[in-house]
Amino acid sequence: MTRIAVVSDSHGGRLHLERFVEYCKAEGIERVFHLGDIVDDARWLQKRLGIPLTYVAGNCDYMSREAREAREVVEGKRFLLVHGDRFGVRYGADKLSYYAEENMMDVALYGHTHRAFTGFLGRVLVINPGALKDGSLCVMEVSSRDVVPRILDIDEWYDRRAGE
């Protein structure tokens, strides 16, 4: 099993970025997917985490030449990483799920809306981790059998840890 943290829309929110680094180290996160807005934050995380980190550019990454889409395979599961704006996710994730299904993906990951979501649309598990700038993230436990997502609030985790 592989534990992957998925974040999006960090928007330079340093407090939540720093708490996220603490979380990854304390909780044994093995990989990170960053779904855009802001790619400089993803690079900052990459330098501090020392684990594989895949990222894509979002709509606020105006001058970025980074890819807008990435594909990863973990434990035999195929992941599509996008920011989501090019799929009209503000109006629903159907277009994204169709695209993912056409491309034989098991999981479609997106951000952009700042609203956390997990659920199946057709045969594709669709996940939005919410906005890291607001403290939201998703942790996935990935095995060859399934992908189990869990939406977390980094501030609640931090407060519980501080109280121990």
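Restricting segment 142-164 to residues that are over 14 Å from the mean Cα position of the chain (by Cα) and either aliphatic (A, V, I, L, M) or not in a loop (DSSP other than H, G, I, E, B) (or both), the residue that is surrounded by the fewest Cβ atoms within 10 Å (Cβ to Cβ) is Ala162.
Could you tell me which residue of segment 1-24 is surrounded by the fewest Cβ atoms within 10 Å (Cβ to Cβ), considering only residues that are free of Cβ contacts under 8 Å to residues at least 60 places away in the same chain and of a type in the set (A, V, I, L, M, F, W, C)? The extreme case among them is Leu15.
None of Tyr62, Tyr91, Tyr110, Tyr98 is of a type outside the set (D, E, K, R) and modelled with pLDDT under 95 except Tyr62. Hey, can you tell me all the residues within segment 25-47 that are of a type in the set (A, V, I, L, M, F, W, C) and without any contact (Cβ under 8 Å) to a residue 40 or more places away in the chain? Result: Val32, Ile38, Val39, Ala42, Trp44, Leu45.
Filter segment 48-66 down to the residues that are touching a Leu at 6+ places or on another chain (Cβ under 9 Å) and assigned to a loop (DSSP other than H, G, I, E, B), then identify the one that is farthest from Arg31 (Cα to Cα).
Checked segment 48-66; the qualifying residue farthest from Arg31 (Cα to Cα) is Gly58.
One residue stands out in segment 120-164 among those that are touching a helix residue (DSSP H, G or I) at 6+ places or on another chain (Cβ under 9 Å) and at positive phi: the one that is modelled with the lowest pLDDT, namely Gly122. Summed over segment 91-115, residues that are of a type in the set (A, V, I, L, M, F, W, C) and either in a helix (DSSP H, G or I) or in contact (Cβ under 8 Å) with a residue 60 or more places away in the chain (or both) total 3.
Each row is one residue, and each column tells you yes or no for (1) in contact with a helix residue (DSSP H, G or I) (Cβ under 8 Å, 6 or more places away or on another chain); (2) of a type in the set (Gly, Ala, Ser); (3) within 20 Å of Arg68 (Cβ to Cβ).
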{"residue": "Thr2", "(1), (2), (3)": "no, no, no"}
{"residue": "Val7", "(1), (2), (3)": "yes, no, yes"}
{"residue": "Leu17", "(1), (2), (3)": "yes, no, no"}
{"residue": "Val21", "(1), (2), (3)": "yes, no, no"}
{"residue": "Val32", "(1), (2), (3)": "yes, no, yes"}
{"residue": "Asp37", "(1), (2), (3)": "no, no, yes"}
{"residue": "Arg43", "(1), (2), (3)": "no, no, yes"}
{"residue": "Leu49", "(1), (2), (3)": "yes, no, no"}
{"residue": "Leu53", "(1), (2), (3)": "yes, no, yes"}
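All but one of (1) touching a Ser or Thr at 6+ places or on another chain (Cβ under 7 Å); (2) of a type outside the set (S, T, N, Q); (3) part of a helix (DSSP H, G or I); (4) under 16 Å from Leu109 (Cα atoms) hold for Glu72, so report the exception by its number. Unmet condition: (3).
Restricting segment 109-141 to residues that are over 20 Å from Asp41 (Cα atoms) and either among the acidic types (Asp, Glu) or in contact with a Gly (Cβ under 9 Å, 6 or more places away or on another chain) (or both) leaves a set whose member that is surrounded by the fewest Cβ atoms within 10 Å (Cβ to Cβ) is Glu141.
The values are calculated or read from the model by the stated rules, or taken from the named source; none is laboratory data. Computed from a prediction, not measured in an experiment: that's the story for all the values here. Because the Cβ atoms are built from the backbone with ideal geometry, glycine has one as well, and the counts that use them run over all protein chains shown.
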